Amino acid sequence: MNMTNCGGSFIGIHTRDDSMSVLYMSRGCQQALGFEPAQIVNRQVKDFVADAYRASDYMGIYQLKSNADGQLEEEDDASIYCWFTNLKSAAGQPILHKLISMKADNAVIFIGMAYPEAPYQTRTELEVQQIDGMGATRALNVTRKMLEMQHRQ
């Protein structure tokens, strides 16, 4: 898979609540996904996820973390998150994207880079790399953490 040819990039902001409503989208989304920014603003992020994991797992990135004992606790660290996911284009086709995001108090700021030449492979679990404020990197399987949390309730 050639990850050097980016098919467009964009910057966006969405709410950090259960609605995950898009507040801002740069013009780069037109090249990357085929949408005008106005077609994306006020829609929910989960409307664009084209992978097999539950689109609602995405919000778990900004809500969960594991402590040293493996227990889940509220995520309040200053962290950057990086992962690959397939997003739906305006034509309805899945396009692989590398996403980098950081959270603010009430919003999430993200950068997306499209790789349209990459072959489609659905992801059944949402896995991200978390880089904390001290520069430490750790893998986080959000889908599994969300399922663990549901089983404990």
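Bear in mind these aren't lab numbers, they're just calculated from the coordinates by the rules spelled out. A quick note: this is a predicted structure, and the numbers were derived from the prediction, not measured. Cβ sites come from the backbone with ideal geometry, for glycine too, and all protein chains shown count toward neighbours.
Considering Cα pairs under 8 angstrom that are at least six residues apart, work out the relative contact order of region 83-153 and quote it in whole percent.
22 percent
Projected area of region 1-50, taken from the Cα convex hull and averaged over every viewing direction, in nm²?
4.0 nm²
If Lys and Arg each add +1 and Asp and Glu each add -1, what is the summed charge of the other residues whose beta carbon sits under 14 Å from the beta carbon of THR85?
Once all neighbours under 14 Å are counted, the net charge is 0.
What FRET efficiency, computed as 1/(1 + (r/R0)^6) with R0 = 30 Å and r the Cβ-Cβ distance, is obtained for SER21 and GLU117, rounded to the nearest 0.05?
E between SER21 and GLU117, to the nearest 0.05, is 0.45.
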